[in-house]
Amino acid sequence: MRVVKFSGWADYYKEIKKKVDLHLTGKTGRDVVGAIGLLDLYGPTFYPPDKTSREERYSWAKSHVESIVDNNRFRQHFAVHETEAWLLAEPQIHPAPVARSLEKSTIGPEAVDFECPPARWLDRLYKQHLQRSYGKITDGVRLFGKLQPDVARERCPYFAALLDDLVAFASNAT
């Protein structure tokens with residue numbers, strides 16, 4: 001697996017076709033089974049004005065980016081609303097007071113809204129219960145190391161779709 005980094009969503013949007021073409025063609029491209037694009041759904045501003053719900057934005061943006069790339073070995077995915085949603089799927093990986101608060105929530109991890117995306121929600125809970133901010137890098141890396149993918153898969157349908165595409169690419173390679 002090779003990770004290709006971009007400088008934000010605008011750079012990604014501008015360069016994704018070129019990067020996918022580069023990695024899926026030529027000598028090295030023959031050994032690559034597929035490419036997965038991943039962006040946070042929260043953040044980009046390229047959505048048409050009539051696409052306001054997460055379902056509408058996800059569906060439109062996935063189709064839009066895949067049509068730009070135009071390669072059957074590429075799949076576009078979005079973390080709904082951000083990758084931190086996956087951390088909301090397993091409350092017990094968080095410090096106890098934050099975990100208790102998350103366990104009481106009836107909102108699904110990917111059902112938070114655009115006004116209070118997951119990282120902002122975690123930051124609010126960390127400040128409320130731990131008197132400190134949630135750190136996307138420091139806390140996020142530690143928490144992702146504890147996250148059980150099967151738990152996130154069960155509670156996050158968009159994450160499950162990403163995993164399904166990864167498994168499909170790997171299965172087709174064997």
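Using only side-chain charges placed at the Cβ, +1 for Lys and Arg and -1 for Asp and Glu, the dipole size of region 17-96 relative to its Cα centre rounds to 460 debye.
A dipole drawn for region 67-174 from +1 and -1 charges on Cβ atoms has a positive end, and of TYR158, PRO117, ALA173 the residue lying farthest that way is PRO117.
Seen from all directions on average, region 84-154 presents a Cα convex hull projection of 4.4 nm². Summary of the geometry: region 1-44 and region 110-164, compared by the centres of their Cα atoms, lie 24 Å apart. A protection proxy built from the mean count of other Cβ atoms within 10 Å ranks the segments 83-92, 143-152, 120-129, most packed first, as 83-92, 120-129, 143-152. In this model, which of LYS5/LYS127; LYS62/LYS127; LYS19/LYS62; LYS104/LYS127; LYS18/LYS146 are farther than 23 Å apart at the alpha-carbon? Violating the 23 Å Cα-Cα cut-off are LYS5/LYS127; LYS62/LYS127; LYS18/LYS146.
A cut-off of 5 Å between modelled amide H atoms, ignoring neighbours fewer than 5 places along the same chain, links ALA35 with PHE74, ARG75. Considering the values (i) 17.3, 53; (ii) 18.7, 74; (iii) 14.7, 42, which represents Rg and Dmax of the Cα atoms in Å as calculated for the structure under consideration? Only one option fits the structure, namely (i). A simple rule links phi to the HN-Hα coupling: the Karplus curve 6.51 cos²θ - 1.76 cosθ + 1.60 with θ = phi - 60°, which for region 37-43 gives x, 9, 10, 6, 5, 7, x Hz, with x for Gly and Pro.
Here LYS136 is the anchor, and the aspartates and glutamates within straight C-alpha reach of less than 19 Å, apart from those fewer than 8 places off in the same chain, are ASP40, GLU82, GLU84, GLU90, GLU110, ASP113, GLU115, ASP123. Highest mobility in the GNM of the chain, judged by mean-square fluctuation with C-alpha springs under 10 Å and restricted to ARG30, ARG155, ARG75, is found for ARG30. Once the other residues with Cβ under 12 Å from the Cβ of ARG155 are scored (Lys, Arg +1; Asp, Glu -1), what is the net sum? My count for the surroundings of ARG155 gives -3.
No lab work stands behind these numbers, since they all come straight from the coordinates. Everything quoted here is computed from the prediction, not taken from an experiment. We place every Cβ from the backbone using ideal geometry, glycine too, and count neighbours over all the protein chains shown.
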